[in-house]
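The values are calculated or read from the model by the stated rules, or taken from the named source; none is laboratory data. Note that this is a predicted model, so its numbers are computed, not measured. Cβ coordinates were reconstructed from backbone atoms using ideal geometry, including for glycine residues, and neighbour counts include every protein chain displayed. Surface accessibility is based on the protein's heavy atoms, side chains included, excluding ligands, DNA and RNA. Shrake-Rupley method; radii C 1.70, N 1.55, O 1.52, S 1.80 Å.
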Amino acid sequence: MTPLTYEEFADAQLGAMLRYAVMLCGDPHLAQDLVQETMVRVQLNWRKVVRADAPDRYVRRMITNQYLDWRRGSWLRRVLLRAEPDETAKAAHVDHAQLSADRDQIWSWLARLPKAQRAALVLRYYEDLPDAEIADVLGCAVGTVRSSISRALATLRAEMVETCP
Amino acid sequence: MIEEQLRDAFERHEKLAPPSAPLREAIDRAVVRRRRHRFGRRLAGAALAVVAVLSVPFALRDTIERPLIGEPLLPGSAPAVDRPLTVAVLGVDDDGGRSYRADTVLLVHVPAGGHTAYLVSLPRDLLVEIPGQGRARLGETFYFGSQRRGQEPDLAEGARLTAGTITATTGLQLDATVTVRYSGLRAVTDALGGVEICIDRMVTSRHSDRVYPAGCQRLDGRGMLDLLRQRKLPHGVYDRDANGRAFVRGLLGSDVRDPVRLARAVHAAADGIDVAGTGITTPQLLRVATGIDAARSIDIGSTFRGVTIDRVEYERLDPTLSTPVFDAIKQNQLTGWVAANPHAVR
């Protein structure tokens, strides 16, 4: 069997990675930067990536780590240094405006959660991964995954009670 | 129920995801930039070359009207050479002009009065003893020889030390060394209007996005350089050396009848290529080359016999394959040996 090439992987997975990153960041620009930065490293170290049992999970872990590592300074810099706005950004902008008009509250509450909790939620409710795999992606124990998720859900519930009593 | 709302929220926002095609291109561009940065000017691989030295006079042979070319390169009335010739062609890359190492070491043997050049590649990571200086990789020898503290590298000295080391390793006396820099390889290919190269298996460039399919294709200097630099191949540098030999065969097959183009090729060759001989002059060498009408590769090193000493990896030759070839060259019996061992030659 021929080993998976980077090109095949990108063909199959890039869209999914972008969606995953959007769920993590909540913002298309940041998501794009996050995926780009990660995929550059994926391509440069492809041989290592392809040796992983599940390359797609391995790459999700890279994206997640990158996301968790982003400090304010570093992503601010990335945003400011972005090249000319492309069509992607414009298209996304429209959607964004529309969406904020909808006042999607859950989405805005998500933004206030600690990053690791948000990542755990995304992995369970968007990626539909079992807890063991979530733990693998986040690099923590299964128990930690469960407690993060329950804490995050508690926070969201509290917000909800507050807004719509 | 909060779970359901979460799922819905995620799903609704899927459309925020930017399209992947432009991102894909951005990633590839960033990779190229970073690789370039990573490797700096240390171009891996290649300069294989032989190139011009063999090809240019080769082309001259077919030309009735000889173009005006620089005096020193004209084989003209050089005295005939009636003995076998062994020439080491060193393809060197330059690290921004600060240091040079030989990435390609190709022995070219022309039996006495022969019309066929036999090409033998020595691995660049071959474990060698530099006479009087100790253990090294063959390719580094050039660096040790050429490096001058606080001064420009001395390529002639690098070639001399490499030649001495090749002699000590293989027992072969070298009549000349030909040092080819990248610029030489590229310029000659371009001057010839591209060269057709036939490769055995597909090569995907790690430096550009190009894919070179198996089979024959005509490449310009830039493409050729890119192809010949690739060494992340199934058999690593062995495959790269094989591609280099394919390039030499392609050069020899180049049909150059346009005198202007030919003159350009000759000048390109003169710029990027240095020839140093012991007891043989450049015009003589060219005269021998002019008589050559075929090039064949002899494979002595496609088995991996790596060894690690002090955490440095080296290659070794398989003496059962290499010794008979070296002996045949020494005894000027290579033609007979090849006839008896057709499988080792292509």
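Here residue A:31 passes the criteria (1) within 13 Å of chain B (Cβ to nearest Cβ); (2) of a type outside the set (Val, Ile, Thr); (3) surrounded by fewer than 23 Cβ atoms within 10 Å (Cβ to Cβ) except the one numbered (3).
The criterion of at least 2 residues that are in contact (Cβ under 8 Å) with a residue 40 or more places away in the chain, open to solvent by 60 Å² or more (accessible area, probe 1.4 Å) and of a type outside the set (Gly, Ala, Ser) is met by none of the strands (runs of 3 or more DSSP E) wholly inside segment B:135-250. Restricting attention to segment A:40-60, the residues that are buried (at least 17 other Cβ atoms within 10 Å of the Cβ) and under 13 Å from the mean Cα position of the chain (by Cα) add up to 2. Residues in segment B:108-132 that are modelled with pLDDT of 85 or more, open to solvent by 60 Å² or more (accessible area, probe 1.4 Å) and in a loop (DSSP other than H, G, I, E, B): B:131 alone.
For every residue, the table says whether it meets (1) within 9 Å of chain B (Cβ to nearest Cβ); (2) free of Cβ contacts under 8 Å to residues at least 12 places away in the same chain; (3) of a type in the set (A, V, I, L, M, F, W, C).
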{"site": "A:10", "(1), (2), (3)": "yes, no, yes"}
{"site": "A:14", "(1), (2), (3)": "yes, no, yes"}
{"site": "A:17", "(1), (2), (3)": "yes, no, yes"}
{"site": "A:23", "(1), (2), (3)": "yes, no, yes"}
{"site": "A:55", "(1), (2), (3)": "no, no, no"}
{"site": "A:58", "(1), (2), (3)": "no, yes, no"}
{"site": "A:62", "(1), (2), (3)": "no, no, yes"}
{"site": "A:67", "(1), (2), (3)": "no, no, no"}
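Scanning segment A:64-73 for residues that are modelled with pLDDT under 90 and part of a helix (DSSP H, G or I) yields A:65, A:66, A:67, A:68, A:69, A:72, A:73.
Applying the condition of being small (Gly, Ala, Ser) and open to solvent by 30 Å² or more (accessible area, probe 1.4 Å) to segment B:1-35 and asking which residue is nearest to the other protein chains (Cβ to nearest Cβ) yields B:20. Within segment A:138-165, residues that are more than 25 Å from residue A:56 (Cα to Cα) have Cβ atoms under 9 Å from residues that are open to solvent by 60 Å² or more (accessible area, probe 1.4 Å) and outside any helix (DSSP H, G or I) in these pairs: A:151/A:114; A:152/A:114, counting only partners at least 6 apart in sequence or on another chain.
Here residue A:78 fulfils each of the conditions (1) assigned to a helix (DSSP H, G or I); (2) farther than 17 Å from residue B:30 by Cα; (3) away from every other protein chain (no Cβ under 11 Å); (4) modelled with pLDDT under 85 apart from (2). Where helices (runs of 4 or more DSSP H) sit wholly within segment B:271-340, those with at least 2 residues that are at pLDDT 85 or above occupy B:319-330, B:334-340. Within segment B:304-346, being open to solvent by 50 Å² or more (accessible area, probe 1.4 Å) and of a type in the set (Asp, Glu) holds for B:310, B:313, B:327.
Can you say whether residue B:84 is open to solvent by 10 Å² or more (accessible area, probe 1.4 Å) and touching a Pro at 6+ places or on another chain (Cβ under 6 Å), as far as the supplied structure shows? So residue B:84 passes the test.
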